[in-house]
2 protein chains.
Amino acid sequence: MTTTMAKAPEHKHMITSTKRGSVQRWSQTLIPTTREAPNDAETPSHVLLHRAGFIRQVGAGIYDYLPLAWRTLRKISDIVRDEMDAAGGSELLMPALEPFELFKDTKRDVDYGDNLFRLTDRRGRTNALAPTHEEVITELLRGAITSYKQLPLTLYQVQTKFRDEARPRAGLLRCREFIMKDAYTFHMHVEGVGGLNEAYDAMYRAYFNIFTRCGLNFTAVEAESGPIGGSASHEFMVNCASGEDTILRCPTSGYAANVEKCEVGDRGAWTFDAQPTGELLEMHTPNLPGIDEVGKVMGVKPARMLKTIVFQVIGPAGGVGGGAGAGTDELPKWILATVRGDHDVNPGKVKALSGCALVLAPEKEARAAGFAIGYVSPRTINTVPGTLLLVDSDVAQGGFWATGSDRADYHVKHFNWRREVGAKLDQPGYVKVGDLRNALAGDPSPRAPGVKLETARGIEVGHIFKLGTKYSDAMGLAIMDDKQQKRSVIMGCYGIGVSRTMAACVEMSHDADGIIWPAAIAPFHVLITLMRPESQEHMGAAQRIAGELSAAGVDVLIDDRDERPGVKFKDADLVGIPVRITIGDKALAEGAVEFKVRNTPGKGENVAMADVNGRVLAALAS
Amino acid sequence: MTTTMAKAPEHKHMITSTKRGSVQRWSQTLIPTTREAPNDAETPSHVLLHRAGFIRQVGAGIYDYLPLAWRTLRKISDIVRDEMDAAGGSELLMPALEPFELFKDTKRDVDYGDNLFRLTDRRGRTNALAPTHEEVITELLRGAITSYKQLPLTLYQVQTKFRDEARPRAGLLRCREFIMKDAYTFHMHVEGVGGLNEAYDAMYRAYFNIFTRCGLNFTAVEAESGPIGGSASHEFMVNCASGEDTILRCPTSGYAANVEKCEVGDRGAWTFDAQPTGELLEMHTPNLPGIDEVGKVMGVKPARMLKTIVFQVIGPAGGVGGGAGAGTDELPKWILATVRGDHDVNPGKVKALSGCALVLAPEKEARAAGFAIGYVSPRTINTVPGTLLLVDSDVAQGGFWATGSDRADYHVKHFNWRREVGAKLDQPGYVKVGDLRNALAGDPSPRAPGVKLETARGIEVGHIFKLGTKYSDAMGLAIMDDKQQKRSVIMGCYGIGVSRTMAACVEMSHDADGIIWPAAIAPFHVLITLMRPESQEHMGAAQRIAGELSAAGVDVLIDDRDERPGVKFKDADLVGIPVRITIGDKALAEGAVEFKVRNTPGKGENVAMADVNGRVLAALAS
């Protein structure tokens, strides 16, 4: 699996459907455009979807999807279904209500915490409103399959999800009720035909196709799998300046990852060998909240300080990474991870480099073992038995360093690796050097020598996970393999925020006047504005054009409202239909109409009636 | 609006779609057929939908819709959408979560009682899971429309609904989470272009088309509007012996109504004038639970007893019916309704005949006024002031009658109307004779002289209501009319149980071996069974046939499982795909396949490969 960045795919949308397009009159549907934005609206999509009459708030994080929004959501869903089916998926629908007992074995009620809506029914039983359906589908499969012959299997649904967000905000971007496509795959093995990896790759391609077909500018990034668990994961991010997530990408290779996952490329040679910069000098640094404040008191920049985090080992890393250390084949008890004071330790990288599963060391136990938490230096490798020291490449260098003094309220200056740590530095069982920190813009690309990583902002609209056997182990989904051995089923899960995709598209594609829809997910392709709706001639011309366009599969909205032309033109820009045709007396007298593409600046141009169809189809395909 | 009974529409389903049909391999989807029925399954649809792998229970009244069910549900929904759009509707989607304050003005939280799922969110606010959306859409419209120019409007959604049923049962027929289409129309007037009646008629036709296109044998019946409120209502019932509702219909005129609504035709002449059958004889009848037991003690059949129910008047009936009575223009305080002992008083008919809105008399108040509740006779017209006596035509007759004695624990024999009630019988302000009871099979048809009503059983799948201004009054949805007067918006509401329709279809159309799907809503049209799935020749032939059928818009399922042919044939009958094609060595050697229509008894016949396409299309259209 290569991670790829979609380089601003063109919004190409050939109308290839043989289905007749819709023709709708504005006066006969509900498009309540307004100049007022909601009081709490901060993001463009929230403001514009409300103002353009796509959504109305019902409660905190709960929305009506009005007819225009529903048309766009249906178009997104249709593209999703098309690609899911092409990837071998079968659609089903699971319920929103889940008996609470379903969480008994997976304990996700605890993981979700207050985000899980709970309700007690008339019989006093507790139910949840499903935030996702891993438990329901694992339970379903447990009762429905018995043999490896029934696998692999890809099942998906497009369904309403519920999460009691602490801070619902940004309109459809963070809701309490929203539409999601969730897919689940089931396998007996990871590699080869019918395995998890094959399905994961097929889903990756399907997601790539879906977001491309929706007309989105997006990036597929490597991601940590997070609380859902599992071993591999990609996020699909719509690129836009207002995005809430930061991603890092290599402009040359297309490599992209989120901050937690991004590798840092080769940072050149490192050596612990360098002469001390001075005598080790201990300084009193009590009651300081963080490394910046310590640096100020000591007169040292954070970039010249060592930050050492203590982890407790809880087991082997589970197949990932090499053997563990601490001088023996035994697992270490403790891991120290040292990075630059202005960098952040990345637990995933600590796990990968150490080969150990770990947690942040519980303070009490760590103190009892001999770690002066808050003032730890790499020297403790020599004083606490069973400790493995991991050093980030950036600090495995000589020169001036400040660090903790291994006793409370004190730091030291002129820390020298050779002088302070000594012989164990050369023993790989005790010390390892590598990539331990979160990546930053300007870091070397891990895929292209000499190229620097860049940051970009995005909105997550899709996420795919290799789950492994997390759920099947917890819930006992095990079936007979071809050797009559009972084995846990291997799973993957794959989500798309359908309503979020609509909002992300608006974030990505709008201007000061309103939304600019990509043709593929525009609620209508063409808006015909009547200057004089009471004129039978105007309406007749509109209906002729609409009829022809509809026969070609184009969806047409006719603005037949009894409103001033200025109001209609403002609304047209706001609603963002890709092509606008205006029917007025002057052009009509010449057998023409005014033709304007939403995403093209300036005034429209007159187009002869006979050429309208061709111009529309060309505009929609460009 | 004429009420019409659809006389067993033929299951005609022309494949006219230009869309390619689906081709699915059984081994690649989830169809968990089983011989076991759920323990609590009593109805055919519950048993068969489970056994055929369409549904699995998740909790009480909560189901997974597996891929076959979801295909059928999508086909039903598509037909619904098609007809709703043709009737001028715009689709939207409203949320399942409703802030509880929305019920403040309509008080439907009280009407729904425990049927309403309630939940408290993390901020301590109460929400409901919407059982229907009258409040949400009235609130939406209140914020979105301001002028009569924006009406009429028809909005609909296909959405998941929640009701905490006391006794969820019968699989999908009575669920706690189910799929419903609900539509709402908005008007400034009832009659004429753009009025409620026009929309109601359009909806009636749309419903007729929907259930006809789905291949259902159904009856449209007149109904009481029930707790939703409003002035007119029709139910659409799928005809089937296992139906939970009883309907009455006239075999000649097509008139049909549910028991609560059904009129009884002319029952011939009536007269109170007849000689007494004997002296009025009082009998001691203490502690008897009902009229049957009283009859036994008295030696009288219930058909010769008078049953008199006391109602309390709460106001005028609201435009319906004539003026009230009790000898003045004032409303009466009390209404007595007398019917035969073996008949049931129909409150709707009491309301219509009296012209009064009423409730069952509260016992304490009625006793205080002078009614010996449980022993009331029509004589009390003479003793309690402000009383109006309504007499059902069947008992406004001479002959022998027994009735209550107007004192506790006593009844009388030889009740004679003239002798016991006297002069007030002839005063219309005091006494009215008419249709007061529920209709029964054998009653005269109200639409065809000399014809008798028949009973039939059905399952309600659709219900349409003229709501009037119930919700707009309660919630303040009023806008300017063309005379700049603010007026309440007039509404209609229209529901279809989508998941219920699927189950009702199975109740209507199955045999001992399984389901028999009408082509229009069958999950697949054709099932191709491979006798030897491992044979490349068999699979090749199946794929050629499937490819051709798919190009013609036919959906094909290929049973490629490694199972014995007997298992596959049993499953084929169970799942109920309309056409089955079997590919085996013998026929294939002759360039043929076995062809069988599910709904035709006996064995299949060999059909030459070249003729398969035509035979399939003909079978599906028949």
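Quick notes on this structure:
- Convex hull per residue volume in Å³, alpha carbons only, for region A:340-429: 112 Å³
- Extreme residue, positive dipole direction of the protein assembly as shown, given options A:I479, A:Q536, B:V58 (C-beta unit charges): B:V58
- Net charge dipole size for region A:20-77 [Lys, Arg +1 and Asp, Glu -1 on Cβ; Debye, nearest 20]: 460 debye
- Size descriptor, Kirkwood hydrodynamic radius, that averages inverse alpha-carbon separations across region A:349-484, Å: 19.1 Å
- Chain A: angle of helix A:67-86 to the longest principal axis, Cα-based, in degrees nearest 10: 60 degrees
- Each listed q (0.11, 0.20 Å⁻¹) maps to a log10 I(q)/I(0) for region A:438-588 from the Debye sum over equal C-alpha point scatterers, namely -0.71, -1.20.
- Hits among lysines - C-alpha to C-alpha of A:K603 under 29 Å, sequence gap 8 or more where chains match: A:K12, A:K568, A:K570, A:K586
- Heavy-atom surface of the protein assembly as shown, accessible at 1.4 Å and reported per residue (Å²): 40 Å²
- Only Lys, Arg, Asp and Glu carry charge here, each on its Cβ (+1 for the first two, -1 for the last two); on that basis chain A has a dipole of about 180 debye about its Cα centre.
- Nearest-0.05 FRET efficiency for B:V359 and B:E282, computed from C-beta distance (R0 25 Å): 0.20
- List of region A:112-154 residues, accessible area with partners at least 30 Å² below that of the chain alone (1.4 Å probe): A:D114, A:F117, A:L119, A:D121, A:R122, A:R123, A:L129, A:L140, A:A144, A:K149, A:L153
- Annotation for region B:265-301 versus region A:291-310: alpha-carbon center distance of 103 Å.
- Taking the C-alpha atoms of region A:280-435, convex hull volume expressed per residue in Å³: 98 Å³
- Computed over chain B: relative contact order in percent, which uses C-alpha pairs under 8 Å that are six or more apart: 20 percent
- Between helix A:612-621 and chain A there is an angle of about 10 degrees, using the helix long axis and the longest principal axis of the Cα atoms.
- Using the Cα coordinates of the protein assembly as shown, the gyration tensor eigenvalues translate into equivalent-ellipsoid semi-axes of 66, 37, 35 Å, sorted from longest to shortest.
- Interface burial in region A:166-180, defined as at least 50 Å² less accessible area with all protein chains than with the chain alone at a 1.4 Å probe, covers A:E177.
- Take the Cα of A:D245, step 7 Å toward its Cβ, do the same at B:Q28, and the gap between the two points is 3.0 nm.
- Degrees between helix B:196-213 axis and first principal axis of chain B (Cα, 0 to 90, nearest 10): 40 degrees
- Shape analysis of region B:81-164 yields a ratio of the Cα radius of gyration to the Kirkwood radius, Rg/Rh, of 1.02.
- Sequence-distant lysines (8 or more away, or on other chains) whose Cα lies within less than 22 Å of B:K452: B:K7, B:K261, B:K349
- Förster-model FRET efficiency, 22 Å R0, A:T600 and A:R564, C-beta, rounded to 0.05: 0.40
- Derived scalar couplings ³J(HN,Hα) [region A:362-371; Karplus, 6.51 cos²θ - 1.76 cosθ + 1.60; whole Hz; x for Gly, Pro]: x, 4, 4, 5, 5, 4, 4, 6, x, 8
- Between region A:96-136 and region A:539-581, the C-alpha centres lie 47 angstrom from each other.
- Each of B:T160, A:P565, A:A352 was scored by the projection of its Cα onto the charge dipole of the protein assembly as shown, and the greatest displacement toward the positive side belongs to A:A352; charges sit on the C-beta of Lys, Arg, Asp and Glu.
- Per-residue ellipticity at 222 nm from helix content only, as computed over chain B with -39500 (n - 2.57) for each DSSP H run of at least four residues, stands at -7000 deg cm²/dmol.
- Based on Cα contacts under 8 Å between residues 6+ apart, region A:417-483 shows a relative contact order of 14 percent.
- Sequence-distant contacts, meaning Cα pairs under 8 Å at least 6 residues apart, place the relative contact order of region B:125-273 at 14 percent.
- Extending 7 Å from Cα along the Cβ direction at A:A423 and again at B:E548 yields two label points whose distance is 8.6 nm.
- Here the dipole of the protein assembly as shown is about 180 debye; that uses its Cα centre as origin and unit charges on the Cβ of Lys and Arg (positive) and Asp and Glu (negative).
- With the simple spin-label model, which puts each label point 7 Å out from Cα in the Cβ direction, the A:N209 to A:R123 separation comes to 4.4 nm.
- Buried area at the A-B interface (accessible, heavy atoms, 1.4 Å probe, summed, Å²): 4900 Å²
- Antiparallel %, DSSP beta bridges [both residues in chain B], to 5: 75 percent
- At 1.567 mPa s and 4 °C, Stokes D of region B:410-490 from Kirkwood alpha-carbon radius, µm² per second: 67 µm²/s
- Taking the alpha carbon gyration tensor of region A:42-98, multiplying each eigenvalue by 5 and rooting it gives semi-axes of 27, 16, 10 Å, largest first.
- Nonpolar atom fraction for chain B, defined as the carbon and sulfur part of the 1.4 Å probe accessible area, stands at 50 percent.
- For B:K161, a cut-off of 25 angstrom between C-alpha atoms picks up these lysines, skipping any fewer than 8 places away in its own chain: A:K75, A:K161, A:K181, B:K75, B:K104, B:K107, B:K181, B:K466, B:K470.
- Comment: the Cα-to-Cβ extended label point of A:K107, at 7 Å, lies 5.0 nm from its counterparts in the other copies, nearest first.
- B:R205 label point (Cα plus 7 Å toward Cβ) to equivalent points in the other copies: 4.9 nm, shortest first.
- Taking a ≥ b ≥ c as the square roots of the eigenvalues of the alpha-carbon gyration tensor, region B:563-616 is classed oblate because a/c is 1.5 or more while a/b is no larger than b/c.
- Alpha-carbon radius of gyration plus Dmax, which is the widest Cα pair, for chain A in Å: 29.6, 95
- Along each principal axis, taking the top coordinate minus the bottom one, the Cα set of region A:110-267 gives 61, 45, 34 Å in descending order.
- Label 7 Å beyond Cα on the Cβ vector: A:A589 copy-to-copy distances, nm: 8.4
The values are calculated or read from the model by the stated rules, or taken from the named source; none is laboratory data. Everything quoted here is computed from the prediction, not taken from an experiment. Virtual Cβ from ideal backbone geometry, glycine too; neighbours counted across all protein chains shown. For accessibility, only protein heavy atoms count, side chains too; no ligands or nucleic acids. Shrake-Rupley method; radii C 1.70, N 1.55, O 1.52, S 1.80 Å.
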